[in-house]
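Student: The structure's right below; bear with me while I get my questions together.
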Amino acid sequence: MKNVLQLAYLVPLFPLLGFLINGLGRKSLSKGAIGVIGSGMILASFAVSVYLFLQVKGGAADHVVTYFNFIHVGQLSIPFAFQIDQLSSIFLLVITGVGFLIHVYSTSYMHEEPAEHFGRYFAYLNLFVFSMLLLVMGANYVIMFIGWEGVGLCSYLLIGFWFKKTEYNKAANKAFIMNRIGDLAFLLAIFWIIGKVGGVGYSEVISFTEAGKFSPADLTGITILLFIGATGKSAQIPLYTWLPDAMAGPTPVSALIHAATMVTAGIYMIARSNIMYTLSPLTLNIITGIGLATALLAATIAMKQNDIKKVLAYSTVSQLGYMFLALGTGSYVAAVFHVMTHAFFKALLFLGSGSVIHAMGGEQDIRKMGGLSKYMKITNLTFLIGCIAIAGIPGFSGFFSKDEILAGAFARSPIIYGVGLFTALLTAFYMFRLYATTFRGSFRGTHDQEHHLHESPAAITIPLVILAVLSVVGGYIGIPEFMVHGAHRLADFLHPIFASSQEIFEQHGHTHPDHQTEWILTGLSSALIIVVVVFAWKKFSAKPDIAEAQGFGKVLENKWYVDELYDKVIVQPIYKFAGFLSNVVERLVIDGLVNGVGRLVNYSGRQLRLLQSGQVGSYVLLMVIGMLLVFVIQFFLRK
Amino acid sequence: MIALFLILIPLVTGLLAFFFREEKMARGWALLSAIGTLTVSVLGLTVLKAPANLRFTGEWMGNLGSSFSIGLDGMGQLLCLLNAVAYVIILLATWNSSYRKANNFFGLLLLAQAGMMGVFLAMDALLFYFSWELALIPVYFLCSQWGGDRRIPVTFKFFVYTFLGSLLMLTGILFVYSHTQSFSMEAFYNSNLPNDQQAWVFWLFFIAFAVKMPVFPFHTWQPDTYEQSPTAVTMVLSGIMVKMGVFAVLRWLLPVLPVASYSWGDLVSTLSVTGMLYASLIAMRQDDIKRLVAYSSIAHIGLMSLAIFSESQMSIQGVMIQMFSHGINIIGLWIVVELIERQFGTRKMSELGGLAQKAPAMAIFFVLIAFANIALPLTNAFIGEFLMFSGIYNSQVTQYNVILTVLALVCIILAAVYTLNMIRKVFFGDAQILTAKAVDLRSSETLALGILAILILWSGIYPQPLLDLTSNITDAILNKADVMHLIKK
């Protein structure tokens, strides 16, 4: 019987078709048709993904389907193949599911664009989903890399979607270039793997690793390089600064980048390669450190941002840091779990902020908002649910995944746990600062704006409601062991992916905290979070934070001046050096030398210039005559 | 016969072109000739690919030990195809350009094509040298007669470089000949020169080829010449002619002088990577699009040179693919540059901007080609660069493979920087005074760019046929160049 997973090619094919149809037909298709095609293709993809998921859940055995030979040189063979297993099928559901809601939302949000640009927008959006699907479905690192750079390209196109604004284009360039820095580390890792393993398929690499054929140095090198790749795509220190700027794109794009696609790629890659990471403790420690530092740094910045999307952007960076913390402490399942729940509530929050921006006529500064709950009931309620979920209040999805990460951190070290918890409190604080400043208190915008305040249409509110429901119930697929025995359905499902890693961890004596400790930890963190939430809600509802930031607040508002630092220390010196090469070395030194040589042969040059005044044809004629002469002489010489 | 026709068609049609009086006729004639050559080239790849069709040996200067021996192997097939495709595209894309004395212009252009065909086909060192000259002399006249304002000093520089290069190459060829008493390729491949003599010949050859590629520090003729030449000639120069240098290293240097190639490999690699960094940095500071593309091309060629001297199967295979891809991509870039220059009379990025609003089709093609040029996956250049880098990183002949790879990868980042900045400054932003009245692509240009786009994507998504085409010759070159067994002795 044919492998049922063979159908997997349909998943990326639909968005690709959507891209082609909308891209080529953007001038002739109506907006309605474009929207239906764009969203419909993702829905079709989602349907196939559900089918594949059920097949995998039902125990489909052969996970790899090969389509054709992509690159075959000597011993190296890189097939164009997909791997549909527990890990990729989960990601497929999230990408196509949340992606579909974002597409639907976009049909309304982008409706004021002229038809041609509307078509271009949906073409890009489909291409984005296509690239992400390739990334997740590839059965080897090269196919993953194709998708990896593909999402980089699409984010570039979408961030710079409104290409008339130079600032947006610069943000797009920044995103692509920072990503590319990471991408090249990823490439180096691939070359390293090719050199050692002789292939790039996941199964080859995993069996090579499990057979212990890698030296520890190789493993550490490869995993660090892959991780550097992940810091680019998943916005970690030091390559995170592109993500907050990426909000230059239309708001649904931010939702797509921050929630369903792109930034989760780094988590996926490490989860995919988990066995290599498990065997290189040094890399795990580095990941823990970077993840924790990023989570904390981004959270502090988010406290003082006044742009509704910037707060959310930094919260994404911070939450991604959390996911890396999970990976670094070996809680792979928790990382994937948090990717999922975060996809729900972050998409919800971004789309909610879009609804707010829409109502405010393009205003993004929360200092000019306030009291919006009165005008937009659904947006208010769903946004609140998103805030509760991300803050980690018990019962909502974020609580389950975050709690699991913190428990894993505690197992490693109480200090890591402490910093993680502190970051969680900051998260609760800035999210409710955001919520209260935007929706509570009284309206601070202009009279004109107040007049126009309205709830958004159904194409916007329905995705919000669906995502809000998911943000609540999404956590119940991962109820921790200490609460209900055997109720962590996600962990059971993903077990085959992480089984060897877990075995190794257990051999090395990694233990979970006992149930009593876990209850205490959960109780403690929940209580603290609720206190912070109530405090922030009260504080900013009564007296919004609209004053000019002073002292340390100013440092935070300016994001610790990291962008300025990069500019001064890296970008400017390179440009100056390039200018020196261009104006001094190239013109004077090298060209000067050549011209010196030129003067030496000036004599012959002068002769040639004399010859140059005539007809070109005659030179060619001379040339041909000369050649003929050679032949003739030859002919006679032979006799 | 295929091989012979590939030379004869452009040679004969080129000579005849001088007799056309009308510009339109000459242009049509040239396009017809190019299509004919392309047809023959494609036939040689498909229905007539029997080895008997691909080789031809005629008599000439037999008493000197030289014969008119030409043949098509995988690498030759690929480059002849590039030469043939490129001419059709170049003539299509410049259909609306006007030249004075057009008959001479097109005649010379076709003669240059015949010369390059000869270079790619020659199986005899003397014939190779003749073809090399036949390719260069028409280009020299094309630049000096139809070039820009500074054409006289610039072509003079071009001439000095080329002349010196050819002189060194001829000396080298004669030196090897003094050992073999024959110019045939087999004799050269089996020459086994003593190591100390190999070193001399190596530098004679390498400098000649390095000038053509060009490799740092022999490159300064290139940006000036590209800038001053009429764009059709720039396309020929950068799209096809620089490949003569790369090709020559693969065909006449590595297999003939394996020991010297190995022992001087690190120095050449260092030069290559230095040149890559140097050219990439300079490209970042250019305001003239033509110069920017010229410097980016130096960086790309530097990578090919680095890959060749890594002497691994992947890197050599990568170079072959990349010779084809780079030709396609850079011609695509020039087409758009030419359109811009013709419309607005400037190539300065600071005076352009916002073209995407008025000329979206042009913008789409340019963005696609520019991203192909920086090796985005699923475009042609990714295949070549991936294989080259992988080969460099895993090279067995140098101990500096890691640092060379990393430095070369830095250039890939810089390439993204200057390429994206170029796109931003030319196409994005608000329309400027100049660009407000921009006109989008016309049909001949759309056709040319459309063919390029298809080639870019096709060989990026399904490169295996191109890889299969060149795998045998890669093995053959490496077999000859393999010095490990010599060293072990």
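Student: Determine the pairs where a residue that is more than 7 Å from chain A (Cβ to nearest Cβ) and touching a residue at least 12 places away in the same chain (Cβ under 8 Å), located within region B:386-410, has a partner that is surrounded by fewer than 20 Cβ atoms within 10 Å (Cβ to Cβ) and not in a loop (DSSP other than H, G, I, E, B) with Cβ atoms under 6 Å apart, the partner being 6 or more residues away or on another chain.
Tutor: Pairs found: B:THR398/B:ASP266.
Student: Taking the options A:LEU125, A:LEU133, A:LEU184, name whichever one is crowded, with 21+ Cβ neighbours inside 10 Å and within 13 Å of chain B (Cβ to nearest Cβ).
Tutor: Matching residue, one of A:LEU125, A:LEU133, A:LEU184: A:LEU184.
Student: Something else: So which residues in region A:493-518 are surrounded by fewer than 14 Cβ atoms within 10 Å (Cβ to Cβ) and closer than 24 Å to A:GLY398 by Cα, if there are any at all?
Tutor: Selection gives A:HIS495, A:THR511, A:ASP514, A:HIS515, A:GLN516.
Student: Further, regarding this structure: Across region A:1-32, what is the number of residues that are of a type in the set (Gly, Ala, Ser) and either crowded, with 20+ Cβ neighbours inside 10 Å or within 16 Å of A:SER131 (Cβ to Cβ) (or both)?
Tutor: To start, the set of residues in region A:1-32 that are of a type in the set (Gly, Ala, Ser) comprises A:8, A:18, A:23, A:25, A:28, A:30, A:32.
From what's left, either crowded, with 20+ Cβ neighbours inside 10 Å or within 16 Å of A:SER131 (Cβ to Cβ) (or both): A:8, A:18, A:23.
Residues flagged as of a type in the set (Gly, Ala, Ser) and either crowded, with 20+ Cβ neighbours inside 10 Å or within 16 Å of A:SER131 (Cβ to Cβ) (or both) within region A:1-32 amount to 3.
Student: Moving on. Of the conditions (1) under 16 Å from A:GLY40 (Cβ atoms); (2) touching a Pro at 6+ places or on another chain (Cβ under 8 Å), A:GLN86 satisfies every one except a single condition; which number is it?
Tutor: Every listed condition holds for A:GLN86 apart from (1).
Student: Return a yes/no flag: does region A:462-480 have any residue that is surrounded by fewer than 17 Cβ atoms within 10 Å (Cβ to Cβ) and either of a type in the set (Gly, Ala, Ser) or under 30 Å from A:LEU279 (Cβ atoms) (or both).
Tutor: No, there is no match, as no residue in region A:462-480 is surrounded by fewer than 17 Cβ atoms within 10 Å (Cβ to Cβ) and either of a type in the set (Gly, Ala, Ser) or under 30 Å from A:LEU279 (Cβ atoms) (or both).
Student: Among the residues of region B:114-129, write down those that are closer than 16 Å to B:ILE240 by Cα and within 14 Å of chain A (Cβ to nearest Cβ).
Tutor: B:ALA114, B:GLY115, B:GLY118
Student: For region B:380-404, name all the residues that are within 23 Å of A:PHE176 (Cα to Cα) and either out of contact with any Phe, Trp or Tyr (no Cβ under 7 Å at 6 or more places or on another chain) or surrounded by fewer than 24 Cβ atoms within 10 Å (Cβ to Cβ) (or both).
Tutor: Hits for region B:380-404 are B:ASN380, B:ALA381, B:PHE382, B:ILE383, B:GLY384, B:GLU385, B:PHE386, B:LEU387, B:MET388.
Student: Separate question: Looking at (1) assigned to a helix (DSSP H, G or I); (2) facing another protein chain (nearest Cβ under 10 Å); (3) surrounded by fewer than 24 Cβ atoms within 10 Å (Cβ to Cβ), can you tell me which one B:MET314 breaks?
Tutor: Looking at each condition in turn, B:MET314 falls short on (3).
Student: From (1) in contact (Cβ under 8 Å) with a residue 24 or more places away in the chain; (2) farther than 30 Å from B:ALA50 by Cα; (3) away from every other protein chain (no Cβ under 12 Å), pick out the condition that doesn't hold for B:LYS425.
Tutor: Tallying (1) in contact (Cβ under 8 Å) with a residue 24 or more places away in the chain; (2) farther than 30 Å from B:ALA50 by Cα; (3) away from every other protein chain (no Cβ under 12 Å), B:LYS425 fails exactly one: (3).
Student: In addition: Please verify whether region B:92-103 includes one or more residues that are buried (at least 19 other Cβ atoms within 10 Å of the Cβ), in contact with a Lys or Arg (Cβ under 8 Å, 6 or more places away or on another chain), touching a residue at least 60 places away in the same chain (Cβ under 8 Å) and within 14 Å of another protein chain (Cβ to nearest Cβ).
Tutor: Scanning region B:92-103 turns up at least one residue that is buried (at least 19 other Cβ atoms within 10 Å of the Cβ), in contact with a Lys or Arg (Cβ under 8 Å, 6 or more places away or on another chain), touching a residue at least 60 places away in the same chain (Cβ under 8 Å) and within 14 Å of another protein chain (Cβ to nearest Cβ).
Student: Here is a follow-up. Among the residues of region A:241-264, what is the count of those that are surrounded by fewer than 24 Cβ atoms within 10 Å (Cβ to Cβ) and either part of a loop (DSSP other than H, G, I, E, B) or more than 16 Å from the chain's Cα centre (by Cα) (or both)?
Tutor: Residues meeting the conditions: 2.
Student: Could you check how many residues of region A:536-559 are loosely packed, with under 14 Cβ neighbours inside 10 Å and part of a helix (DSSP H, G or I)?
Tutor: 5
Student: Please specify each residue of region B:347-378 satisfying the condition of being touching a strand residue (DSSP E or B) at 6+ places or on another chain (Cβ under 9 Å) and either of a type in the set (Ser, Thr, Tyr) or in a helix (DSSP H, G or I) (or both).
Tutor: Across region B:347-378, the qualifying residue is only B:MET349.
Student: Is it fair to say B:GLY165 is crowded, with 20+ Cβ neighbours inside 10 Å and small (Gly, Ala, Ser)? Step through it out loud before you land on a result.
Tutor: Numbers: crowded, with 20+ Cβ neighbours inside 10 Å: yes; small (Gly, Ala, Ser): yes.
Criteria met by B:GLY165.
Student: Only residues that are of a type in the set (Gly, Ala, Ser), surrounded by fewer than 24 Cβ atoms within 10 Å (Cβ to Cβ) and assigned to a helix (DSSP H, G or I): list them for region A:343-367, please. If you could, list the steps in order and put the result at the bottom.
Tutor: Going through region A:343-367, the residues of a type in the set (Gly, Ala, Ser) turn out to be A:343, A:347, A:352-355, A:359, A:361-362.
Restricting the remaining residues to those that are surrounded by fewer than 24 Cβ atoms within 10 Å (Cβ to Cβ) gives A:359, A:361-362.
Result: A:ALA359, single match.
Student: Among the residues in region B:34-42, are any in contact (Cβ under 8 Å) with a residue 40 or more places away in the chain, over 17 Å from B:VAL85 (Cβ atoms) and more than 14 Å from chain A (Cβ to nearest Cβ)?
Tutor: no
Student: Exactly one of (1) over 16 Å from the mean Cα position of the chain (by Cα); (2) polar (S, T, N, Q); (3) part of a helix (DSSP H, G or I) is unmet by A:GLN305. Its number?
Tutor: (3)
Student: Among the listed residues B:ALA431, B:ALA453, B:ALA415, B:ALA476, which satisfies the condition of being facing chain A (nearest Cβ under 10 Å) and part of a helix (DSSP H, G or I)?
Tutor: Unique residue meeting the criteria: B:ALA415.
Student: Looking only at region A:27-83, count how many residues are more than 27 Å from the chain's Cα centre (by Cα) and under 30 Å from A:ALA115 (Cβ atoms).
Tutor: Selection size over region A:27-83: 7.
The rows are residues; the columns are (1) away from chain A (no Cβ under 12 Å); (2) touching a residue at least 24 places away in the same chain (Cβ under 8 Å); (3) crowded, with 23+ Cβ neighbours inside 10 Å.
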| residue | (1), (2), (3) |
| --- | --- |
| B:ILE321 | no, yes, yes |
| B:THR346 | yes, yes, no |
| B:ALA372 | no, yes, yes |
| B:LEU378 | no, yes, no |
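Per-residue answers, yes or no, for (1) under 21 Å from B:PHE206 (Cα atoms); (2) facing chain A (nearest Cβ under 9 Å); (3) not in a helix (DSSP H, G or I):
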site: B:SER131; (1), (2), (3): yes, no, no
site: B:LEU134; (1), (2), (3): yes, yes, no
site: B:VAL139; (1), (2), (3): no, no, no
site: B:CYS143; (1), (2), (3): no, no, no
site: B:ASP149; (1), (2), (3): no, no, yes
site: B:VAL154; (1), (2), (3): no, no, no
site: B:TYR161; (1), (2), (3): yes, yes, no
site: B:SER166; (1), (2), (3): yes, no, no
site: B:PHE175; (1), (2), (3): yes, no, no
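Student: Can you work out which of the residues in region A:54-99 that are among the hydrophobic types (A, V, I, L, M, F, W, C) and assigned to a loop (DSSP other than H, G, I, E, B) is nearest to the other protein chains (Cβ to nearest Cβ)?
Tutor: A:ILE84
Student: Between A:ALA407, A:ALA347, which is modelled with pLDDT of 90 or more and more than 21 Å from A:LEU101 (Cβ to Cβ)?
Tutor: Just one listed residue meets the conditions, A:ALA407.
Student: On to the next question. Among A:ILE224, A:ILE267, which is outside any loop (DSSP other than H, G, I, E, B), in contact with a helix residue (DSSP H, G or I) (Cβ under 6 Å, 6 or more places away or on another chain) and surrounded by 24 or more Cβ atoms within 10 Å (Cβ to Cβ)? Give the derivation first.
Tutor: Values: A:ILE224 fails: surrounded by 24 or more Cβ atoms within 10 Å (Cβ to Cβ).
Among A:ILE224, A:ILE267, only A:ILE267 is outside any loop (DSSP other than H, G, I, E, B), in contact with a helix residue (DSSP H, G or I) (Cβ under 6 Å, 6 or more places away or on another chain) and surrounded by 24 or more Cβ atoms within 10 Å (Cβ to Cβ).
Student: Still on this structure, please answer the following. Can you tell me which condition A:GLY523 does not meet? The list is (1) within 30 Å of A:GLU363 (Cβ to Cβ); (2) modelled with pLDDT of 90 or more; (3) more than 27 Å from the chain's Cα centre (by Cα), and all the others hold.
Tutor: A:GLY523 satisfies all of (1) within 30 Å of A:GLU363 (Cβ to Cβ); (2) modelled with pLDDT of 90 or more; (3) more than 27 Å from the chain's Cα centre (by Cα) except (1).
The values are calculated or read from the model by the stated rules, or taken from the named source; none is laboratory data. None of these values were measured; they are calculated from a predicted model. With ideal geometry, Cβ positions are generated from the backbone for all residues, glycine too; neighbour counts draw on all protein chains shown.
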